[in-house]
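Asker: What follows is a single structure, and I will ask about it in a moment.
The values are calculated or read from the model by the stated rules, or taken from the named source; none is laboratory data. The structure presented is a predicted model; accordingly, all values stated were derived computationally and were not measured. Ideal geometry is used to build each Cβ from the backbone, glycine not excepted, and the neighbour counts take in all protein chains shown. The protein model used for the area step is the full one, side chains on, heavy atoms only, and it has no ligands, DNA or RNA in it. Shrake-Rupley method; radii C 1.70, N 1.55, O 1.52, S 1.80 Å.
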Amino acid sequence: ARAMDWSLSKLIRIETGAVSITTNDLRALLGHYGINDPIRVENLIEVARSSRERSWWSVYRDIASPEYIAFLGYESSASIIRSFQPLLVPGLLQTEGYANELFRHIRGPKDPKRIDALVSLRMERQEILVRPYPPELHFIMDEAVIRRMVGGPEIMLRQLSHIRDMLEQPNITIRIVPFSSGMYRSLRVPYVIFEFSDPEDEAVLYLEYPNEEMIIHESALHDDQEEGSPTPATYLEIFWQLEQAAKKEDTEAILDHAIGSMNTTKRTE
């Protein structure tokens, strides 16, 4: 900040992504950092230009937290996404009916326009599933997710069938941890791990607690943190352990049984 004659707050806002950087400021900063290769400089300048364009999620800033807006940025640029959900279907797999029912009951104002906007946001996020060169997606859910009735048999049947269809996508894996597995690490906390194609880009961990959201970078961790503090590496290890407990054949059997039970429930109504 001293070398650039900037305020410390300006540098912090740029480094945390709260604001974008002008191309002139970026050229000066790269010179200060000793990055002089013309090709690399021009590539970074082009990234800076692109970052100043409005992202599709910018229209949702009035209904989403700053942490969630950051989450959307990571989600749109990640090459690998690993998501664990103990209670609800992951957002990228939700049907419109399921999402609408969900937002009618979770915390926050129940204004119909806000609910419609949140559902639209959730559906728009799912564009990454069908875009050219989609990310590699790994979902793990507890069996409680598909056993919990959300919105009645018809909505739930459509949701379960959609999950079953997603099993066939080549870039998507879905695993369900059966009740028979008993307790396991981080059972109560939904989380997402983002990994990126550039080896220099560190993994990012998103934790969703009942009353707050946290985004954790490996480089942001400090030596004085308490033992057991959440890190991307720790949650990646937990995710791998869960994958071993949730076999593909068991997942298919659990889903098929749940779909059959929901069909029976729907017929008896």
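Asker: At a 1.4 Å probe, what is the % contribution of carbon and sulfur to the accessible area of region 1-78? Walk me through the numbers before you get to the answer.
Answerer: Numbers: 2710 of 5170 Å².
The nonpolar share, carbon plus sulfur, comes to 52 percent.
Asker: Compute, for the chain, the length of the dipole vector about the Cα centre, with Cβ point charges of +1 (Lys, Arg) and -1 (Asp, Glu) only. Units Debye, rounded to 20.
Answerer: Working: 29 positive and 42 negative charges, 208 e Å.
Once rounded to the nearest 20, the dipole reads 1000 debye.
Asker: Could you tell me whether region 59-116 comes out rounded, prolate or oblate from its Cα gyration tensor? Rule is a ≥ b ≥ c as square roots of the eigenvalues, rounded for a/c under 1.5, then prolate if a/b exceeds b/c, otherwise oblate.
Answerer: Numbers: a/c = 2.13, a/b = 1.28, b/c = 1.67.
Oblate, because a/c is 1.5 or more while a/b does not exceed b/c.
Asker: Which Cα, out of Val189, His257, Gly34, lies furthest along the positive dipole direction of the chain (beta carbon charges, K/R +1, D/E -1)?
Answerer: His257
Asker: Which one, Glu200, Glu127, Glu143, has the greatest fluctuation when you compute a Gaussian network model over the chain with C-alpha springs under 10 angstrom?
Answerer: Glu200
Asker: Which one of Ile106, Ile39, Ile146 has the biggest mean-square fluctuation once the chain is modelled by GNM with Cα springs under 10 Å?
Answerer: Comparing Ile106, Ile39, Ile146 in a Gaussian network model of the chain, the most mobile one is Ile39.
Asker: In whole percent, and with a 1.4 Å probe on the protein chains, what portion of the accessible area of region 80-123 is carbon and sulfur?
Answerer: Details: 1060 of 1940 Å².
Carbon and sulfur together cover 55 percent of it.
Asker: On to the next question. Leaving out same-chain residues fewer than 8 places away, which aspartates and glutamates sit with a Cα under 16 Å from that of Lys248?
Answerer: Result set, ordered by chain and number: Asp142, Glu143, Asp165, Glu168, Asp256.
Asker: Would you be so kind as to identify which of Ile140, Ser229, Leu44 lies farthest towards the positive end of the dipole of the chain, taking Lys and Arg as +1 and Asp and Glu as -1 on Cβ and the Cα centre as origin?
Answerer: Ile140
Asker: A follow-up question, please. Shape of region 118-202 from its Cα gyration tensor (a ≥ b ≥ c, root eigenvalues): rounded if a/c is under 1.5, otherwise prolate when a/b > b/c, or oblate?
Answerer: The shape class here is oblate.
Asker: Taking region 125-269 as the region of interest, what is the percent of Cα-Cα pairs per 10 angstrom bin, listed from the shortest bin to the one with the maximum distance?
Answerer: Values per bin, smallest distances first: 9, 33, 36, 17, 5, 1.
Asker: While we're looking at this one, here's another question. If I build a Gaussian network model for the chain, linking alpha-carbon pairs within less than 10 angstrom, which residue out of Phe84, Phe196, Phe139 has the largest mean-square fluctuation?
Answerer: The residue with the greatest mean-square fluctuation here is Phe196.
Asker: I would also like to ask the following. Quick check for you: with a 1.4 Å probe and neighbouring chains kept, what is the accessible area per residue of the chain, in Å²? Spell out each step's value before the answer.
Answerer: On the way: 15450 Å² over 269 residues.
About 57 Å² of surface per residue is accessible.
Asker: For region 28-174, place one equal point scatterer on every Cα, skip the solvent, and apply the Debye formula. What is log10 of I(q)/I(0) at q = 0.16 Å⁻¹?
Answerer: -0.96
Asker: Could you state the principal axis extents of the C-alpha atoms in region 24-64, from the largest down, to the nearest angstrom?
Answerer: Cα extents, longest axis first: 41, 17, 14 Å.
Asker: Share of region 125-213's accessible area from carbon and sulfur, percent, 1.4 Å? Show your work: numbers first, answer last.
Answerer: Working: 2290 of 4560 Å².
After summing per-atom areas, the C and S share lands at 50 percent.
Asker: While we're here: Using only C-alpha positions, report the orientation-averaged shadow area of the convex hull of the chain, nm², one decimal. Working shown, then result.
Answerer: Working: hull surface 69.5 nm².
Spelled out: convex hull of the Cα atoms, projected over all directions, averaged, 17.4 nm².
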